[in-house]
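The values are calculated or read from the model by the stated rules, or taken from the named source; none is laboratory data. Computed from a prediction, not measured in an experiment: that's the story for all the values here. Cβ coordinates were reconstructed from backbone atoms using ideal geometry, including for glycine residues, and neighbour counts include every protein chain displayed. Each accessible area value is taken on the protein alone, full model and side chains, heavy atoms only, with ligands, DNA and RNA left out. Shrake-Rupley method; radii C 1.70, N 1.55, O 1.52, S 1.80 Å.
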Amino acid sequence: DVVETQEHYKSRWRSIWIMYLTMFLSSVGFSIVIMSVWPYLQKIDPTADASFLGWIIASYSIGQMLASPLFGLWSNHRPRREPLVISTAISVAANCLYAYVHVPHSHNKYYMLTARALVGFGAGNVAVVRSYIAGATSLTERTSAMANTSACQAVGFILGPVFQTCFTLIGEEGVTWKFLCLQLNMYTAPVLFGALLGVINIILIFAIFREHRVDDMGRQYKSINSDGEGSDVMDQNTEGSIDHVAVVALNILFFVILFVFAVFETIATPLTMDMYSWTRKEAVFYNGIILSVIGIESVIVFMVVKTLSKKTGERAILHAGLLIVLVGFFILLPWGKKLPNIQWQEIKNNSIPRTAPSEMLAPFWSLPDLQLPSNHTAEPVGCPVTQSWCLNTPMIYLAQYISSDVLIGLGYPVCNVMSYTLYSKVLGPKPQGVYMGWLTASGSGARILGPVFVSQIYTHLGPRWAFSLICGVVVVSLLLLEIVYKRLIAYSVRYGRMQE
């Protein structure tokens, strides 16, 4: 009964692959600077503190939260090429702005905030991508397609830090082109590279992307987004109401999943600088490597769950993923007795005053004690005494940190892809742009609150309180999943049109 020509099949999957690429570039736009935002912020604006870092990270998600429902609504009534091209163009322009935040003489941190918010606004096209893939795949293709989409997103998170790590070879000073007022260094080169990728994406959308739509059984029918067609082309499979209890529950679960991951990626650089006395450059470099390895782990997980979900179902895998994330954060709690190195002790022991950015990479052993020129300084390392918890909270050992990374890198991708898959199946054949916009907005809201939450709690109360509260949030989400477990079924299954 499936009526689809070979030409239509090839065109449909070429368009889906363009959506994969768009998702990849969206995640690269976020992760390519995530490890360097904090040291760059300190470099361009000394008035910025760790609390403002939380707002910088969150600004991306604020922009995405505002844009996602708008782009989703747009894609429900107009050709999807329009919101895809406009959103990508906004991201390109915002990346260029980020490369120039060092130019103003004051308030540089607010220019960085604006640039990251606009990059996030452009990333609102994730709702368009997800809704298109949901509408262009049958029910049997859906889990695999959503897993591939999340895998592309994960690859973006992998390669973003890898690109950043490679660009550290340019150094903090880099090359200055005065006629362009541009400093090409380890902080600006990644975003300019991201802008180039965005331009390539726009070209491919115009050249290859086409509108396609199939029902849950894979039968082709006209899309409301092409050739000015209206909603009268919808078939009988759209009759019936959506289970809004399941929709709301999945939005909440997705919020929690993105919340805990936002906490994890935001705290990585400050935590390792405090606990292991890493310099700014070391923290960017080592965390880039760690997150890249975890990203590879995530891609493997995405490939495995496509097969595993056929045997156990998406709901059981989502439950297991949340449990793994819970264990990951539980391990991250401070358990030992050894305290972290205190920053002022390091300065006192080495007789070195506070650093100047231009000389922050000078190793301590290369500086003769008590014989330093007045302009020769080094970067202080360790846990700053301004964070009072540093004086009485045990350090988190490197083995704990890496073990937690591995577990969160396993649990997060499982939860991410299962949430999107279940959500698209619950919605069924109805246009999903607005609904996907709300799901993306809920994830963006989590990315807003997560960095702000962890930067405030971590700065003032320390890692024990921060990670204990995260464990509590995950436990509540597990209870919610148990309550709505039986309602998380596909639209066609709910109305008896297909067997589960």
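In this structure, does Leu488 turn out to be aliphatic (A, V, I, L, M), open to solvent by less than 10 Å² (accessible area, probe 1.4 Å) and at negative phi? So Leu488 fits the description; yes. Of the residues examined, Phe167 is not one that is assigned to a helix (DSSP H, G or I), at pLDDT 85 or above and surrounded by 20 or more Cβ atoms within 10 Å (Cβ to Cβ). Residue selection: Leu323 satisfies the criterion of being at pLDDT 50 or above and open to solvent by 10 Å² or more (accessible area, probe 1.4 Å).
With respect to the stated conditions, Ser404 is polar (S, T, N, Q), within 23 Å of Phe30 (Cα to Cα) and either out of contact with any Cys (no Cβ under 7 Å at 6 or more places or on another chain) or crowded, with 22+ Cβ neighbours inside 10 Å (or both). No other residue among Tyr458, Tyr423 is assigned to a helix (DSSP H, G or I), open to solvent by less than 30 Å² (accessible area, probe 1.4 Å), among the hydroxyl-bearing types (Ser, Thr, Tyr) and closer than 19 Å to Glu141 by Cβ apart from Tyr423. Checking the structure you have, find out if any residue of the stretch 7-21 is crowded, with 22+ Cβ neighbours inside 10 Å and hydroxyl-bearing (Ser, Thr, Tyr). There is no residue in the stretch 7-21 that is crowded, with 22+ Cβ neighbours inside 10 Å and hydroxyl-bearing (Ser, Thr, Tyr). Restricting attention to the stretch 464-476, the residues that are crowded, with 23+ Cβ neighbours inside 10 Å and not aliphatic (A, V, I, L, M) total 1. Of all residues in the stretch 267-278, none are open to solvent by 50 Å² or more (accessible area, probe 1.4 Å) and out of contact with any Ser or Thr (no Cβ under 7 Å at 6 or more places or on another chain). Total residues in the stretch 292-314 satisfying the condition of being open to solvent by less than 50 Å² (accessible area, probe 1.4 Å) and within 15 Å of Met418 (Cα to Cα): the figure is 9.
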